[in-house]
Structure formats: C-alpha cells, structure tokens
Amino acid sequence: MNIRSDVTEPVLAVRGLSVDYAAADRVRAVRDVDLVLHPGEIVGLAGESGCGKSTLAYAISRLLRPPALVTAGQVTFTGVDGSTVDVLGLEDEELRSFRWSRISMVFQSAMNTLNPVRSVRRQLHDIFRAHRPAMSRDERDERSAHLLELVGIGRSRLDGFAHELSGGMRQRVMIAMALALEPEVIILDEPTTALDVVVQRDILREIDRLRAELGFAALFITHDLSLLLEIADRIAIMYAGRIVEQAPASEIRIAPQHPYTAGLLNAFPSLRGHRRALHGMPGSPPDLTVPIAGCAFAPRCPYAIGPSHDTPPSLLQEGDHAVACHLYDPRYSSGPPQALREGRFEISGDDSSGITGDISSDDEGIKA
Ligand SMILES: Nc1ncnc2c1ncn2[C@@H]1O[C@H](COP(=O)(O)OP(=O)(O)OP(=O)(O)O)[C@@H](O)[C@H]1O
Ligand SMILES: [Mg+2]
C-alpha cells in the first residue's frame, strides 16, 4: 500500500459526532466533533485528562459500552479499494470483520492486556485464525515473525510470554498485533504514556517508519502535545468534548491560535528546539455534566472577552487552520492580543490576576 497524499478522499471522516454518558448526571463527553484522516497521515489529538479523547476513539472503533450513547454524527470509512463503510451502522458480524482488518486500535495501557498465559506466537496466531482462516500454520508463523521484526523485536521472542517482556516490548507487541491484518487506519490512544521518555521516542520513531512503509493512517492520542509535534502531520486540540483548534503540526508549533493550545505548548517541555520558561495552566477542565453556555475555556483564559462567557464560539476555518475562539471572530473582536499572536499564554501579574473567572477550584469557574 502506498501513501496517497495526492488523494483528497479521507480514509476516515468523523462528522458532527456527539457522545453522552447517560449516567445519573448526563456527561456530555464529546460534542459535535469533525475530524478527518487522509491515507498515510498521522493526525494527533491532544488535550488534558477528561476532555473526551478516549471516548472519541472508542466511538470511532465502536467499542463504547453503555451508559455511553452516540447522540449525533457519522463516521465514514473509505477503503483504498473505494468501498465506503458507515461505521456507526455496522451490525455485529460486519463489525467483527471490519475491526482489526480495516481499523485497529492500541489503547491506553494496552500492554497490560496481553494474555499472560499465551505466548506471543499464539496471540498473533489467534488473530489470523479468526480473520484469515485460509492461512496455513507455516504462513501464520512466518507472518508473526515478520510482524515482530517490523516493530523491532527479534523472532526469538515469539515463544515468549508477557511477563518476560519489558513494558516497551509489550507495547511493541500490541502494535504488531494492531498491524497484523494491514489495516488502513490505526488508532493509538496514549500508547506510550506508561513508558520512559527514551522508549517513548523509540516507539514513536517506529510508528512513523511503519506508517511510511505500510501506508496506514494513524490517529495518535496523547495529553502530551510536545510528543505530537514530533510525529503528527496535523494536530487537533480537544477541550471539554470539542475540537477547539485543528491545523498542520508545523502551524500549531509556531503559530497556535487558541489560547488553550498556547497554554498546552507552554506547559510541556519541548523535546527539541529552544529552551523556554514553562508555565502551568491554572485551573482544570470543566465538569461535563453541567451545560456550558459560552466558551468552555473562558474561566481559565487570560484573554477571554465578554461574549466568551455566554455565546458559544463558532469554528472558524481559514485555509487548513480551524479555531473556535471569539478572539478570531470579527463579530466580537478586532483580533487576538499581541501576546497570543506570539504564542504566549500570558497571565498578567504573578498571582494570575489577569484571568477571568474563578480558576481556584476544579469546576466551579465554568458554572459561573
Ligand atoms: N463510563 C463512564 N461513565 C460516565 N462518565 C464517563 C465514563 N467514561 C468517561 N466518562 C467521562 O467522560 C469524559 C471524557 O472522558 P475520556 O476518558 O474520554 O477523556 P480523555 O480525554 O481520554 O482523558 P484521559 O487523558 O484521562 O485519558 C470525562 O468527563 C469522564 O469522566
Ligand atoms: Mg483517555
């Protein structure tokens, strides 16, 4: 499979997706999300804990369980063969053959989901037996060894068990399993969070190399924006269930538009590039059981303006850069302040007194 960067048809298109957890207090976990993945592209999804990243990933891969409920939207998969699949409409049987072979996943702490009493070989064979029943034992063996080598593990490990592998190796095995049936899309939800920084970098490089070699598109989820800057072609920033900014990674790095993106960039050390002072972002994401009247980020935003507090921001698209922020909407603002244009998340004064709203408690501010 080759990377088809010249083809504009996305391999995966999420349109207007909303997901609730229908618990005693309804959690509006994902709100009206639009996201596309082109063949061979790595799209990064970043945002703080609880902003809805995993819920979105589970919805796309049809792994949501009650009380989760998709309340609106569509997920469309278009294969290299031109076939189109309405992912949310798949029946159980269709879903079984779709998952792993066309979209596969490596999830948060996936490395702990390897079966402890089955060898790596048997776990890879299980996938082939279920999805490629015509394969002979020798073919399964050869393919399993090849997959391990693809992710940088010697074939001698085929007869190993999970407890004999390091965390990094286990995560690589999970990636090998996700690649087993040559899916066109792979969703990686915090695949390296539990690993040390050096191993994280190695695995990221491996994913990037495999993408170039095998041509799959990847949705790479993490709360660490600096990691995404290393690997992603495009980055979507999620806050309180919504995508608040989406742009090529190079633009997010040098010209972030949303104050939240600027805040995230300031909060993480860059793995490469200039050293700079780091500032934590004050406050926490809002309680998603409480309806949000205006911009969800306003209570934590040093640049919030009047309408931010009661009018929802529209997603404004200019070229391939989209942002949902009142500061870029000519109806409310003559443009973002200079500090934000320079990518700074600037809290005026030492005591954060420039911030609008209550940022001292977890979620009180957003209710104001
Ligand atoms: N089973 C559930 N029942 C009720 N609420 C849930 C459930 N799972 C998640 N939530 C809520 O949905 C929201 C989004 O959660 P989600 O796990 O998607 O966030 P996330 O961005 O992946 O966070 P993290 O970075 O911690 O993995 C959170 O407010 C969370 O508390
Ligand atoms: Mg998550």
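Please treat every number below as a calculation from the coordinates, not as lab data. All values reported here derive from a predicted model rather than from experimental measurement. Glycine also receives a Cβ, built like all others from the backbone with ideal geometry; neighbour counts cover every protein chain displayed.
Projected onto the charge dipole of the chain (+1 at Lys/Arg Cβ, -1 at Asp/Glu Cβ, origin at the Cα centre), which of Met174, Leu225, Gly73 gives the Cα projection farthest towards the positive end?
Going by the Cα projections, it comes out as Met174.
Can you tell me the orientation of helix 197-214 relative to the chain, as the angle in degrees between its alpha-carbon axis and the longest Cα principal axis, to the nearest 10?
Relative to the chain, helix 197-214 is tipped by roughly 70 degrees.
If each of Ala255 and Leu315 carries a label point 7 Å out from its Cα toward its Cβ, how far apart are those two points in nm?
Calculated label separation equals 2.1 nm.
Helix 120-131 against the longest principal axis of the chain: what's the angle in degrees, Cα atoms only, rounded to the nearest 10?
Between helix and principal axis, roughly 90 degrees.
Quick check: residue separation of Arg137 and Ala293 times 0.36 nm, minus the Cα distance between them. What number comes out in nm?
Extra length available between Arg137 and Ala293 comes to 50.3 nm.
Only Cα pairs within less than 10 Å get springs; with that Gaussian network setup on the chain, which residue of Pro285, Pro67, Pro312 has the largest fluctuation?
Pro67
Going by C-beta contacts inside 10 Å, put Tyr21, Tyr239 in order with the fewest on the left.
Tyr21, Tyr239
Can you give me the long-range amide H partners of Thr311? Hydrogens built in the peptide plane at 1.01 Å from N, cutoff under 5 Å, separation of 5 or more residues or another chain.
Cys295
Compactness ratio of the range 45-128: Cα Rg over 2.2 N^0.38 Å, N = residue count?
That works out to 1.27 for the range 45-128.
Going by C-beta contacts inside 10 Å, put Glu342, Glu48 in order with the fewest on the left.
Sorted ascending by nearby Cβ count, the order is Glu342, Glu48.
Relative to the longest principal Cα axis of the chain, at what angle does helix 137-150 sit, 0 to 90 degrees, rounded to 10?
40 degrees
Kindly put Ser61, Ser333, Ser250 in sequence by how many other C-beta atoms sit within 10 Å of each C-beta, fewest to most.
Ranking Ser61, Ser333, Ser250 by Cβ neighbours within 10 Å, fewest first, gives Ser250, Ser333, Ser61.
What percent do you get for the relative contact order of the chain when only Cα pairs under 8 Å and 6+ apart count?
Across the chain, relative contact order equals 18 percent.
Please compute the Kirkwood hydrodynamic radius of the chain from all pairs of different C-alpha atoms, in Å with one decimal. The partial results should precede the final answer.
Values: mean 1/r = 0.0461 Å⁻¹.
Computed over the chain, the radius equals 21.7 Å.
Given the C-alpha centroids of the range 179-254 and the range 31-107, what is the distance between them in whole angstrom?
15 Å
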